1. Is it the case that segment 145-158 has a residue that's touching a residue at least 60 places away in the same chain (Cβ under 8 Å), under 20 Å from the mean Cα position of the chain (by Cα) and surrounded by 10 or more Cβ atoms within 10 Å (Cβ to Cβ)?
2. Pick from GLU62, GLU76, GLU56: which is surrounded by 15 or more Cβ atoms within 10 Å (Cβ to Cβ) and under 18 Å from the mean Cα position of the chain (by Cα)?
3. I'd like the full set of residues that are more than 16 Å from HIS45 (Cα to Cα) and touching a His at 6+ places or on another chain (Cβ under 6 Å), limited to segment 56-85.
4. Given the conditions (1) without any contact (Cβ under 8 Å) to a residue 40 or more places away in the chain; (2) surrounded by fewer than 16 Cβ atoms within 10 Å (Cβ to Cβ); (3) under 18 Å from the mean Cα position of the chain (by Cα), which single one is not true for PHE114?
5. So MET35 ticks every box in (1) closer than 16 Å to ASP105 by Cα; (2) of a type outside the set (D, E, K, R); (3) part of a helix (DSSP H, G or I); (4) in contact with a Cys (Cβ under 9 Å, 6 or more places away or on another chain) but one. Which box is left unticked?
6. Of all residues in segment 1-32, which are farther than 28 Å from GLY111 by Cβ and either of a type in the set (Val, Ile, Thr) or part of a loop (DSSP other than H, G, I, E, B) (or both)?
7. When you scan segment 119-138, do you find a residue that is surrounded by 10 or more Cβ atoms within 10 Å (Cβ to Cβ), within 19 Å of the chain's Cα centre (by Cα) and of a type in the set (Val, Ile, Thr), even just one?
8. Could you please find all residues in segment 78-102 being within 26 Å of SER32 (Cα to Cα), in contact with a Leu (Cβ under 9 Å, 6 or more places away or on another chain) and of a type outside the set (Gly, Ala, Ser)?
Amino acid sequence: MNNQHPDIGQVEDRLAAFVRQRRRTMQRYFSSIGMFNGHPAMLFHLRRQPGITQKELAGCMEISKACVTTSVRRLEAAGLIRREGDPADGRVTHLYLTPTGEELDAACARGRDFLIETLYQGLTEEETAALYTALDKMIRNLQAAAATLPEPPQGKDE
């Protein structure tokens with residue numbers, strides 16, 4: 001860049017590189033504690049919303065019910081979550097963290113803390129505020145653009 005301002009393409013390239021590196025770093029952390037990608041977010045939702053159903057979990061995470069079903073099976077087999085039938089409606093199953101799941105969720109939270117400490121190290125309050133403002137604008141721009149696009153086709157499990 002040689003003291004010149006980067007063009008928008010360079011900014012986009014840096015943002016993409018940042019997203020990839022952030023994902024790789026967190027995957028490495030989660031792998032070190034025995035977690036699959038995506039599972040920490042499920043544990044987080046189950047901690048915040050004990051008794052959530054698989055359908056509700058899919059909605060919160062914006063993923064398919066099929067993905068949730070696969071992950072719930074894995075998490076249950078690992079002893080991290082348990083299912084309980086609804087006494088009022090036998091068709092409904094609620095999900096809860098087990099004590100082991102709670103421990104692993106705490107380890108995942110420590111990973112998030114590590115990420116935050118690492119990412120924002122050396123940034124001033126003004127830089128953090130400017131970053132927040134810029135990202136907020138970018139999110140709103142993407143939301144507005146997405147609203148102009150056709151809806152994706154609905155899958156079998158949607």
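The values are calculated or read from the model by the stated rules, or taken from the named source; none is laboratory data. Bear in mind the structure is a predicted one, so any value in this text is a computation, not a measurement. For neighbour counting, all protein chains shown are included, and Cβ atoms are generated from backbone atoms with ideal geometry for every residue, glycine included.
1. Yes: segment 145-158 contains one or more residues that are touching a residue at least 60 places away in the same chain (Cβ under 8 Å), under 20 Å from the mean Cα position of the chain (by Cα) and surrounded by 10 or more Cβ atoms within 10 Å (Cβ to Cβ).
2. Exactly one residue qualifies, and that residue is GLU56.
3. If the condition is that a residue be more than 16 Å from HIS45 (Cα to Cα) and touching a His at 6+ places or on another chain (Cβ under 6 Å), then GLU84 is the only one that fits.
4. Of the numbered conditions (1) without any contact (Cβ under 8 Å) to a residue 40 or more places away in the chain; (2) surrounded by fewer than 16 Cβ atoms within 10 Å (Cβ to Cβ); (3) under 18 Å from the mean Cα position of the chain (by Cα), the odd one out for PHE114 is (1).
5. Condition not satisfied by MET35: (3).
6. Result: MET1, ASN2, ASN3, GLN4, HIS5, PRO6, ASP7, ILE8.
7. no
8. Once the filter is applied, which keeps residues that are within 26 Å of SER32 (Cα to Cα), in contact with a Leu (Cβ under 9 Å, 6 or more places away or on another chain) and of a type outside the set (Gly, Ala, Ser), segment 78-102 yields LEU80, ILE81, ARG82, LEU95, TYR96, LEU97, THR98, THR100, GLU102.
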